[in-house]
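Trainee: Below is one structure. I have some questions about it.
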Amino acid sequence: MRLGHILIASFSIYPSPTKSGRMLGKIIRALGPRFEADLLTIRERDMGYVQKIRKHRMLRVPVAGSYLERVEGFQRALSRQLDGDEYDIIHFRSPWEGAVIAKKKQYFDARYVYEPGVDLPLDSGPEVVERFIEAEKISLDLADLLLLPSETAQKTMRALGYKKPIEVVCQGVDINTFDWECTVGLAPFDLIWTDAFTLGTDTSFVLSALTHVVREMPSFNMGIVGEIDYDLAETLVNRIEELNIKENIKFFGHQTDDSLPLLISRSRLGLVPPPRQYYGIVPREDNVSLLEYMACRTAALAPATPYMNEMTREGKLARLYDWQNPLSLAHAILELLHDRKSTATMVDAAYKAVRTDLTSTIARRNLVQIYSKLVPSIEQLAADEVFTPSTTRSGSITWQGGRTSSTGSGAAVPTALTPIEENSDSDVISLDIEDIEFEASGALLGLTYEGGFEGSGQNDQTDPQRPKR
């Protein structure tokens, strides 16, 4: 007997090292044995179309084309998934999903959770931004519950007049993966910067601060860790050469979670860069790198935003700097490097705090409690039935001829599919399909069948604390 059937819809890639990808991983772990879920995400390159994660189904949507074409392809897939199954909770992570769900809400008896975990690319044009903000207004109006990562974000939304229920779930860090590692015998770093280096990453600010540090400490060295967009990489390397600090910086590229904790532990300091610009109504900041530094006993430097002020307990767990003044960051770096006693005290406090109050386990428990409050009451069920894993949802993919129309009319469609191969020893299901990309629950991702197959077809004043361009 299942306790709650949940749909998680996220216009993002999983697994991925991004903030969105890591938070989605925490949500999946929170589902545990207590719930059954379908997870609709984006398919990239050679990822499987369908993957079984525990007893949940990861359904990946192949999308292509421009950004809006990718969005529209994902929206069509979501519409068909909604037509093909029933859910107690629909948890969506970007406004693009909310805009689709709102058009069909009269057909569902479900509770809606909006978690703004996916943002808009900063190079988006005015038309895309306008559609995104309008979709977020629809999403906020649709949601029965808004899920936010901090009290600061909640206060901002209340100040904007949002009156619906809000739950705060801090993202937390996986301390089984990110914990202090022994680095005896390994070359240390003065500063490490782990990030997803994309448009909006303020590398100019950081490099400007480093020039002041190098003047006082010529031996200073920094490691840059993470994937870097091609255009940004070219600009970054050229700027480093212009500032004559090439010998002080080393690039490590993307590191897996297996190797990243050791690399962070080798550094005396960890950098959280200035906050990125974002679109939309709901605040979008994250503390992923901050918590990873704290868990690895590396003293953190963070921008003095209201959000980071909350996460660092007013600067007790990390050294805050003025993110509009490069000299402030330079002075903070030098202060922590020279005053080792005070730095060690801050590191000890941060390490204890992250292990006590800021773990992903706590985030998982909070999510379980939230879902449990939203699902229909099952008090009439026997206790031994409630937590018995369901055996009705196998790893195989079945086709039901009805419920394929995105309009919900459910017209039967004659279907001829090649056999499905399932390896009983693997959680990954392979679909042997040549031209049609087929999915579970009657969803034909990226295609429609209504008389024939068809191809896939600013407002910066909402948050007083947001960084301005």
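Since every read-out is calculated from the coordinates, none of them should be taken as a lab result. Given the structure is predicted, the values throughout are model-derived calculations rather than measurements. Glycine gets a Cβ as well: all are built from the backbone with ideal geometry, and neighbour counts include every protein chain shown.
Trainee: What are the residues whose amide H is under 5 Å from the amide H of Gly270, where those residues sit 5 or more places off or on another chain and H is modelled from the backbone?
Mentor: Result for Gly270 returns Ile192, Ala299, Ala300, Leu301.
Trainee: In terms of the Cα gyration tensor, with a ≥ b ≥ c the square roots of its eigenvalues, is the range 189-358 rounded because a/c is under 1.5, prolate because a/b exceeds b/c, or oblate?
Mentor: rounded
Trainee: Rounded, prolate or oblate: which fits the range 164-226 when a ≥ b ≥ c are the square roots of the eigenvalues of the alpha-carbon gyration tensor, with rounded for a/c under 1.5 and prolate only if a/b beats b/c?
Mentor: Note, shape of the range 164-226 comes out oblate.
Trainee: For Ile166, list long-range residues whose amide hydrogen, built 1.01 Å from N in the peptide plane, is under 5 Å from its own amide hydrogen.
Mentor: Residues meeting the criterion, in which the H sits 1.01 Å from N, are Leu146.
Trainee: Right, something else. Quick one: Karplus J couplings for the range 90-98, per residue in order, coefficients 6.51, -1.76, 1.60, θ = phi - 60°, nearest Hz, x for Gly and Pro?
Mentor: Listing the rounded values in order: 10, 9, 10, 10, 8, x, 4, 6, x Hz.
Trainee: What is the set of long-range amide H partners of Arg43 at a cut-off below 5 Å, with H atoms built 1.01 Å from backbone N?
Mentor: Close amide H contacts, sequence-distant or interchain: Val61, Val63.
Trainee: Only Lys, Arg, Asp and Glu count, each charged at its Cβ (+1, +1, -1, -1), so figure out the dipole size of the range 189-358 about its Cα centre, rounded to 20 debye.
Mentor: Using Cβ point charges on Lys, Arg, Asp and Glu, the range 189-358 gives about 620 debye.
Trainee: Among the listed pairs Lys103/Lys373; Lys316/Lys373; Lys246/Lys341; Lys352/Lys373; Lys103/Lys155; Lys19/Lys246, which have their C-alpha atoms separated by more than 27 angstrom in this model?
Mentor: Going by Cα-Cα distance, Lys316/Lys373; Lys246/Lys341; Lys352/Lys373; Lys103/Lys155; Lys19/Lys246 fall outside the 27 Å limit.
Trainee: Can I ask one more? Order of 25-34, 284-293, 157-166 by packing, highest average Cβ count within 10 Å first?
Mentor: The most tightly packed comes first, giving 284-293, 25-34, 157-166.
Trainee: From the square roots a ≥ b ≥ c of the eigenvalues of the alpha-carbon gyration tensor of the range 258-372, which class results: rounded (a/c under 1.5), prolate (a/b over b/c), or oblate?
Mentor: oblate
Trainee: Further, regarding this structure: With r defined as the distance between the Cβ atoms of Arg239 and Glu167 and R0 fixed at 45 Å, what FRET efficiency is calculated, to the nearest 0.05?
Mentor: The pair Arg239/Glu167 has a calculated efficiency of 0.60.
Trainee: Something else about it: Taking the number of other C-beta atoms within 10 Å as the exposure measure, put Arg364, Arg239 in order starting with the fewest.
Mentor: Arg239, Arg364
Trainee: Moving on. Just how far, in whole angstrom, is the range 211-266 from the range 152-188 if you go by their alpha carbon centroids?
Mentor: One Cα centre to the other: 24 Å.
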